[in-house]
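Quick notes on the structure that follows.
The values are calculated or read from the model by the stated rules, or taken from the named source; none is laboratory data. Keep in mind it's a predicted model, so treat the numbers as computed, not measured. Cβ: placed from backbone, ideal geometry, glycine included. Neighbour counts: every protein chain shown.
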Amino acid sequence: MRDSLLRDRPTMAIIDFEDDGSSSLDLLRHLRHAQSPTRAILFVPCLDGVLPIDAVELGVDGLLLRSASADSVMHCVATVADGGQWLDPRAMKAAYDRMSQRHTPVVDPLTRRERDVARLVATGQRNRVIATQLGISEGTVKMHLHNVYSKLGLESRTQLAMDVRLRENV
């Protein structure tokens with residue numbers, strides 16, 4: 001399957017997370033390493049077992065529980081097809097809880113501008129678009145992102161997007 005995904009480069013792949021998860025994560029890792037344009041949606045069995053937090057950190061485009069409703073699946077596929085990221089809220093909360101255990105939380109609050117930048121990152125905006133919307137330079141956006149990552153103990157845009165979504169849903 002990996003070879004055909006890398007060779008054929010489909011627009012989207014829906015991957016079923018296997019019990020040990022290793023081959024599913026390897027497939028996602030290979031797609032990312034090869035800089036494949038293939039958008040990846042991962043189905044996970046449940047929240048009780050091994051949650052594919054590594055898939056989230058690898059930048060999976062969609063994350064669904066196998067028990068997801070048909071509406072959730074259609075919403076996920078549509079969002080990912082449009083270039084967005086869709087993570088099941090229950091899976092996202094479990095992933096965030098596990099990520100929080102990996103990172104020491106920093107208690108420094110974000111400034112208003114850092115929160116503005118973080119919210120726009122969570123909607124999938126790129127630095128140039130964020131700069132234009134906020135009337136600041138792209139370099140200033142990068143500085144704000146550096147500060148946000150540092151304050152929240154995060155390492156990626158995906159982690160930041162998850163953090164923002166969880167804060168807004170709580």
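Quick rundown of the values:
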{"quantity": "Helices (runs of 4 or more DSSP H) completely within the stretch 121-170 that count 1 or more residues being over 18 Å from the mean Cα position of the chain (by Cα) and surrounded by 15 or more Cβ atoms within 10 Å (Cβ to Cβ)", "calculated": "127-134, 138-152"}
{"quantity": "Residue, modelled with the lowest pLDDT, within the stretch 28-68, restricted to residues that are touching a Phe, Trp or Tyr at 6+ places or on another chain (Cβ under 7 Å) and surrounded by 15 or more Cβ atoms within 10 Å (Cβ to Cβ)", "calculated": "P52"}
